[in-house]
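Structure record follows, encoded as structure tokens.
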Amino acid sequence: MNPDAMELAVTALGAAGDGLARLPGGGPCFVPRSLPGETLAVRDMGKRGGGRLAEPEAVLRASPDRVGPPCPHFAACGGCALQHWADAPYAEWKRGKLVEALSRAGFAEVSVAPLVRTAPRARRRADLALRRRPDGGGVALGFHARVGGTVLDLQTCEVLDPRLVALFDPLRDLLRGLPALRREG
């Protein structure tokens, strides 16, 4: 373990799917790719909103609900935050976020059905990012990276319909020759 790492216990998930832990001084710390009930060794990454952001370095005690994410881009990609969480607790958390929002809006007694999941590789919509490579080597097409704002150039996606993913290379070719694309879109 990194000597600068600190140990944190994740108690809940924030609205964006990051784990929420308390720093030794009591302030909030957001830890991506973590789950409630886990203890992690983390590295402080600085301020984030009203708290701190920490990068997990090691899972010291894993949640029994932790699963292997199906996507090879999971750690770097900013598109999916909770692929490492088993389906049932994820669905209940997601439903709970809706119940909480409805309650805040004055609809505390509304009946909310269980979450209906979209099957893997079935999404037909996505907001893709693109960026012309500065070296003239074409166009990066995919989702923004989880940190830093770069475009993660994807060849595959476990969420999108494969017919859309099959259009990535032809779209890159088309965009490469488009003079109006100076930097990004």
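The values are calculated or read from the model by the stated rules, or taken from the named source; none is laboratory data. What you are looking at is a predicted structure, and each value in this text was computed from that prediction instead of being measured. When we count neighbours, we look across all protein chains shown, and the Cβ atoms used for this are built from the backbone with ideal geometry, even at glycine. Heavy atoms of the whole protein, side chains included, go into the accessibility calculation; ligands, DNA and RNA do not. Shrake-Rupley method; radii C 1.70, N 1.55, O 1.52, S 1.80 Å.
A few notes on this one:
- Selection from Leu35, Gly138, Val165, by position along the positive dipole direction of the chain (Cβ): Gly138
- Choice from Ala81, Ala108, Ala119 showing the highest fluctuation, given a GNM over the chain with Cα pairs closer than 10 Å: Ala108
- Of all accessible heavy-atom area on the chain, the percent that carbon and sulfur account for (1.4 Å): 56
- Centre-to-centre separation between the Cα atoms of the stretch 113-135 and those of the stretch 1-37: 27 Å.
- The distance between label points at Met45 and Leu115 comes to 2.1 nm (points 7 Å beyond Cα on the Cα→Cβ vector).
- Separation of the Glu92 and Gln155 label points, Cα + 7 Å toward Cβ, nm: 4.0
- For the stretch 27-67, backbone nitrogen atoms closer than 12 Å to the point 7 Å from Ala16 Cα along Cα-to-C-beta are found at 30-33, 47-54.
- Based on protein heavy atoms only, the stretch 1-152 ends up with 59 Å² per residue of surface accessible to a 1.4 Å probe.
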